[in-house]
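Heads up: the structure comes next, in structure tokens.
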Amino acid sequence: MRIIFASLLSLFTLTISVQAQHAYVAPTDTAVLRKLSQWQDLKFGLFMHWGTYSQWGIVESWSLCPEDEGWTVRRGPYAPNWFDYKNAYEGLQKTFNPKNFNPEKWADAAKAAGMKYVVFTTKHHDGFCMFDTKQTNYKITDKSSPFSSNPRSNVAKEVFNAFRERGFFTGTYFSKPDWHNENYWWPYFPPKDRNVNYDPKKYPERWKAFQDFTYNQIEELMSDYGKMDILWLDGGWVRPLSTVDRNIEWQKGIKDDQDLNMPRIATMARSHQPGLIIVDRTVTGPYENYTTPEQEVPNKPLDYPWETCMTMGNSWSFVPNDEYKSSRQLVHLLVKIVSRGGNFLLNIGPGPDGDFDPIAYKRLEDIGKWMKVNSEGIYNSKPMAPYSIENVFFTQSKDGSTTYAYYLADEKTNQLPTSVILKNFSIKKGSKIAIFGTPKNLKWEQKGTDLVITVPAAIQQATSGQPAWGFTIK
């Protein structure tokens with residue numbers, strides 16, 4: 001994951017990226033298919049990027065990457081020399097002490113917002129582990145970390161337990177590359193970019209050691225951290241060379257075969273977690289059980305499971321004074337994503353003290369208030385053509401008996417208009433239309449090919465101030 005600059009992001013005109021247009025290989029394991037179907041009904045989840053980098057308020061691990069990109073820029077007193085910078089960055093382990101860490105607070109806020117699953121960063125590309133791995137000392141539970149003396153120092157376990165106790169699906173984010181590990185960035189050579197800095201074919205014993213290191217860490221997460229529903233693997237440049245698509249710009253820099261032996265990993269992981277959903281993101285094949293368009297919303301449904309992962313602010317990780325999306329924008333994103341048949345994984349980056357920004361809690365609270373009234377057409381729903389008409393977005397119940405139409409308010413709209421007109425949209429005679437949160441059925445008529453719904457003044461006033469209004473049509 002990397003920072004997204006607000007000036008480059010238009011929330012309502014985004015189209016699906018090339019990564020989600022590739023061929024999808026459906027799983028054949030019936031337990032995986034069952035879990036995947038359950039996951040698709042959840043619709044709304046919480047993503048968290050958290051690590052030592054939160055102390056500097058920078059974009060996760062990316063400033064370590066020796067590439068000349070906007071999201072890899074180094075800043076601060078160590079920036080002029082990469083080696084000095086890396087030493088100082090890795091020294092953050094000795095000061096990372098999130099004393100306000102309280103995963104129950106996060107889980108309660110997420111549940112109140114209507115979220116149903118969580119994906120937590122157990123290790124980002126920098127290699128720092130937020131779990132008590134036995135494979136490295138570069139972890140929050142090591143004695144060099146001041147938080148190691150805290151009874152809740154095994155952060156990942158605490159997070160998963162807190163959310164699982166509240167009925168959430170749990171997902172493990174795990175970075176396949178590891179820029180701290182000597183068998184990925186071998187100290188003999190300086191790293192040139194995000195990729196492995198030696199030829200795995202020329203030094204197969206070194207690459208095998210990295211394969212085993214990765215396998216062992218994933219096995220720890222799959223066997224020692226309770227029931228797990230999703231293994232969310234990031235760092236798509238670590239992949240078999242045969243899967244690289246040279247038509248995709250970021251994949252052109254992959255020169256070496258970085259095969260981790262996913263069949264071996266998947267077999268092991270599912271031996272501990274039957275039915276586990278595996279997301280080897282951007283690597284087309286049997287281990288990308290759903291796709292993950294990043295910071296994007298498709299303009300039409302996709303014919304395979306997918307999830308938009310997007311930041312609440314502009315950055316994946318904590319940045320002081322980050323600019324958060326409004327509650328209205330977030331509700332609209334949820335509606336649009338679900339209307340296209342996807343899930344919305346919304347990211348919040350905890351700060352160095354171990355808590356969210358108060359603004360993030362306020363956004364979750366606002367979303368929760370809206371969801372308490374309007375969520376029937378969100379959960380367990382499926383897309384319905386024409387998917388949207390101007391600012392109205394459609395879903396339907398699984399059995400097709402109920403249509404849900406969400407009217408999205410723009411910045412100047414405080415209440416519904418007297419008449420809501422759905423152009424070229426027809427319903428059957430005798431249908432009943434109501435607005436979520438109001439008991440009274442509304443009058444409607446079919447004027448030619450258009451459906452015209454009348455909204456009385458009393459209902460306009462009673463439902464005013466909403467980011468969106470949900471209509472039921474039965």
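The values are calculated or read from the model by the stated rules, or taken from the named source; none is laboratory data. The structure presented is a predicted model; accordingly, all values stated were derived computationally and were not measured. Cβ sites come from the backbone with ideal geometry, for glycine too, and all protein chains shown count toward neighbours. Accessible surface areas use protein heavy atoms only, side chains included; no ligands, DNA or RNA. Shrake-Rupley method; radii C 1.70, N 1.55, O 1.52, S 1.80 Å.
Using Cα positions and a limit of under 19 Å, work out the aspartates and glutamates in reach of Lys440, with same-chain residues fewer than 8 apart set aside. Qualifying aspartates and glutamates at Cα under 19 Å: Glu376.
Using a 7 Å offset from Cα along Cα-Cβ at Asp245, what residues in segment 258-284 end up with backbone N under 15 Å from the label point? The answer is 280-284, whose backbone nitrogens lie closer than 15 Å to the label point.
To put it simply, the accessible area of segment 362-474 at a 1.4 Å probe is 49 percent carbon and sulfur. Per residue, segment 193-293 exposes an accessible area of 36 Å² to a 1.4 Å probe, with every protein chain left in place. The heavy atoms of Tyr138 present about 10 square angstrom of accessible area, all protein chains included, probe 1.4 Å. Each peptide in 327-339, 287-299, 85-97, 246-258 receives the mean, over its residues, of other Cβ atoms within 10 Å, and ordering these scores from highest gives 327-339, 287-299, 85-97, 246-258. Taking label positions 7 Å along the Cα-Cβ direction at both Ser223 and Glu69, the computed distance is 3.4 nm, reported to one decimal.
At a probe radius of 1.4 angstrom, the accessible area of segment 46-95 per residue rounds to 43 square angstrom.
Summed over the residues of segment 316-368 and divided among them, the accessible surface reaches 27 Å² per residue at a probe radius of 1.4 Å.
Against the criterion of solvent-accessible heavy-atom surface with a 1.4 angstrom probe, Ile58, Ile359, Ile433 sort, most first, into Ile359, Ile58, Ile433. With a simple spin-label model that places each label point 7 Å from the Cα along the Cα-to-Cβ direction, the separation between Asn321 and Glu365 comes to 2.4 nm. Summarising the strand pairing of the chain, around 50 percent of its internal DSSP beta bridges are antiparallel. Of the solvent-accessible surface of segment 51-151, computed with a 1.4 Å probe over protein heavy atoms with every protein chain present, carbon and sulfur atoms account for 46 percent.
Averaging 1/r across all pairs of distinct Cα atoms in segment 310-368 and inverting the result yields a Kirkwood radius of 12.0 Å. At the listed q of 0.07, 0.11, 0.13 Å⁻¹, the Debye profile of the chain, built from one uniform point per Cα, gives log10 I(q)/I(0) equal to -0.38, -0.90, -1.21.
The alpha-carbon of Lys192 sits under 18 angstrom from the alpha-carbons of these aspartates and glutamates, leaving out residues fewer than 8 places away in its chain: Glu67, Asp68, Glu69, Asp84, Asp126, Asp178, Glu182, Glu249, Asp256, Asp257. Here r is the Cβ-Cβ distance between Gln329 and Asp108 and R0 is 22 Å; the resulting FRET efficiency, rounded to 0.05, is 0.40. The value given for segment 192-232 is a Kirkwood hydrodynamic radius of 12.2 Å, derived from the mean inverse Cα-Cα separation. Would you list, by chain and number, the aspartates and glutamates whose Cα falls below 13 Å from the Cα of Lys255, excluding same-chain residues fewer than 8 positions away? Leaving aside aspartates and glutamates fewer than 8 places away in the same chain, those within reach of Lys255 are Asp193, Asp199, Asp245.
For the chain, adding -39500 (n - 2.57) for each run of n ≥ 4 DSSP H residues and dividing by the number of residues yields -7000 deg cm²/dmol at 222 nm.
When Trp207, Trp71 are compared by accessible surface with a 1.4 Å probe, the order from highest to lowest is Trp71, Trp207. In this view, the solvent-accessible surface of Trp185, computed with a 1.4 Å probe and all protein chains in place, comes to about 20 Å². Annotation: average projected area of segment 278-348 is 5.1 square nanometres, based on the convex hull of Cα atoms across all directions.
With all protein chains in place and ligands, DNA and RNA left out, the 1.4 Å accessible area ranks Asp234, Asp68, Asp353 as Asp68, Asp353, Asp234, largest first. Taking 0.36 nm per residue of separation and subtracting the Cα-Cα distance, full extension of the segment from Ile421 to Asp259 would add 52.9 nm. For segment 299-398, the C-alpha radius of gyration divided by 2.2 N^0.38 Å, with N the number of residues, is 1.17.
Counted residue by residue at 0.36 nm each, then reduced by the alpha carbon distance between them, the extension gain from Gln461 to Glu445 reaches 3.5 nm. Here the accessible area is traced with a 1.4 Å probe on the protein chains. For segment 205-317, carbon and sulfur cover 49 percent of it.
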